[in-house]
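What follows is a single structure, written as structure tokens, with notes after it.
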Amino acid sequence: MFGGIVLSLHSWRLSAVAFAKEWWAALTAAFCTYGFLLTAQPPRESSESAYFFLLPCLIWFSFKPNFRKVAFVFLLAGWFYHMALVGWIRHMTFPGMLAATFLLSLYNLPWFLLAGKLIPRAAKGGFRQRIVTMIGLSAFWVSIEWARGQFTLGFPWCPLSVTQWERPVILQTLPWTGAWSVSFFLVFFNLTIASYLHHLLVRRRNRQGGAFSSFCPDFYVGILLFVLMVSPFFLFRMGSTQNAVEERTVRVGVCQPYLMDKWQSESVVRHKEILIRQTRILALTNHDLIVWPEASTPDPVNLDPLWIEDLVRETGIPMLIGAVVKEEGQAFNTISLVTPENGVSPEWYAKRTLVPFGEYVPFPFQWIPGLRKLVGRIGTFGEGEVPFNFNVPKTGEGKDAFVVGSLICYEDIFPSLVRETVRAEADFLFVCTNDAWFKSEVCTEQHAAHSVLRAVENRRPVLRCGNAGWSGWIDQRGNQRQVLRDENGSTYFQTYETVELKIPDVSSLTSEGHFDYFLWFCIGMSAWVVFRLGKWGIK
């Protein structure tokens, strides 16, 4: 018996050693790549990791790994990465979190499969071949990020560009190219660093000695692209000192009530008291507007408006409130304007992009019995069709009215949807949200990071009001100007605060926002590279 145990242990040891020899490089490359990417994502303050996160996999790809091995390890590592990134979804549904993270890892997988084929070929080729490969892979990454936002279950959460949300210097090309250019640049820069390392360790040794033996043109192309990315930051700053942009100041009272168990009937009175108390305190000083977060009223605002209208008449300050509206048996997640003169406006903005399985059951899943119960006691929400901006009236002599662009919940992660709102002539964007669904986790910083990108893309300030989480405002250059935090630096707490929003003269900035020419270039380049694989002899 003892000999059998020893033999079994010896066999296990040999199997473990064989497994390590077979898989250690693959697993190390995949998990280090995704590990570096995770450290670059909000709220971690390591955005520079995005400049080299691909190096582990690119080094491994240069050794021509097996296609199936690449597929397995990057699918596995991608799944773990997305569970770490958006694991807060489990507070709504744990099975849904597992399914969503697996789907997201499937989106990223084709990039690694394509890179695994192209990198060995590019390593042996000349400068032209390497540049085409670097542009093609960078464009393919952008195309995948775009594809993640399409279709019913589109969820373009935390693209690579989000890693730079606290680095406004690198974001100033966004008005012309969108956030796509930042993702493109980061992938391209990773590839140039890998090419430079390969040049120093491999290509240079195969060349004859000479003055230019250490010269790697790929690296200098990457440096040139970096200079192009940061140059608008310095050019705009120099221009602003010579011709200062005229700005208006809007004083906004932000209520962050941190309402929990919002749909419980026993919480109605307490929640109303919190909202009323915060609003009255803010009204003690002069404000142009007071805002409440998403779905803050305990009952549909059109069915229970009197207490809000009485409050607004008492304060004399107009309000934009997140509230549910019910009409003809259909519920809508809305932003509503309430004024001292007219009370609750009959016109409201209804959320256009609903959360699948959170606010409605998408087709064809709606045919599954009992699945509709997942959307909560309010029921399935109706979907808004068009952007609707609010013209907030003057509240004092000499004050100008201003136009507020409306966005609810995670609508600010969709660039095209935000651009439609800006084209409706918004002076600034208002994101009305409730990140308290996901407890005090990293969701709030990740969500706010998208607002930074939208502010720079559209050259409009963004005001955010959350039930709890990141409330404050971001200027049109991506600077976080005021953020509501407690003494420990947390954004998850009950508070109220005045923010002084600076509205630039939009006529001096842009009225249309950027176009998607750069995105279409990336999609076209990706299609061309995939089409050329056969002609390049890659199978």
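Does the stretch 242-314 classify as rounded, prolate or oblate by the C-alpha gyration tensor (a ≥ b ≥ c root eigenvalues; a/c under 1.5 gives rounded; else a/b over b/c gives prolate, otherwise oblate)?
prolate
So which aspartates and glutamates pass the test for K326, namely a Cα distance under 16 Å, with those fewer than 8 places away in the same chain ruled out? Answer for K326, where 16 Å is the Cα cut-off: E294, D299, D304, E347, E359, E383, listed by chain and number. Find the relative contact order for the stretch 401-466 and round it to a whole percent, using C-alpha pairs within less than 8 Å whose residues are 6+ positions apart. So the answer I get is 39 percent.
Specify whether the C-alpha gyration tensor of the stretch 100-181 places it in the rounded, prolate or oblate class, a ≥ b ≥ c being the square roots of the eigenvalues: rounded for a/c under 1.5, otherwise prolate if a/b is larger than b/c and oblate if not.
Numbers: a/c = 2.44, a/b = 1.27, b/c = 1.93.
It is oblate, given that a/c is not under 1.5 and a/b is not larger than b/c.
Of all DSSP bridge pairs formed entirely within the stretch 247-504, close to 65 percent run antiparallel. For the stretch 247-504, the Kirkwood estimate of hydrodynamic radius, built from reciprocal distances between every pair of different alpha carbons, is 18.3 Å.
Of the trypsin sites (Lys or Arg not before Pro) in the stretch 398-485, which ones lie in a loop per DSSP and count no more than 15 other C-beta atoms within 10 Å? List each step's numbers first, then the result.
Values: sites: K399, R419, R423, K439, R454, R459, R464, R477, R481, R485; in loops: K399, K439, R459, R477, R485.
Here the trypsin sites (Lys or Arg not before Pro) that fit, given the DSSP loop and packing criteria, are K399, K439.
Taking Cα centre as origin and charging only the Cβ of basic (Lys, Arg, +1) and acidic (Asp, Glu, -1) residues, the dipole magnitude of the stretch 247-504 rounds to 360 debye. Checking the Cα-Cα distances for K117/K535; K21/K64; K272/K351; K351/K394 against a 19 Å cut-off, the pairs over it are K272/K351; K351/K394.
Coordinate-derived values only; no laboratory data. Only a predicted model underlies this, so the values are computations on that prediction, with no experimental measurement involved. Note that each Cβ is placed from the backbone with ideal geometry, even for glycine, and that neighbours are counted across all protein chains shown.
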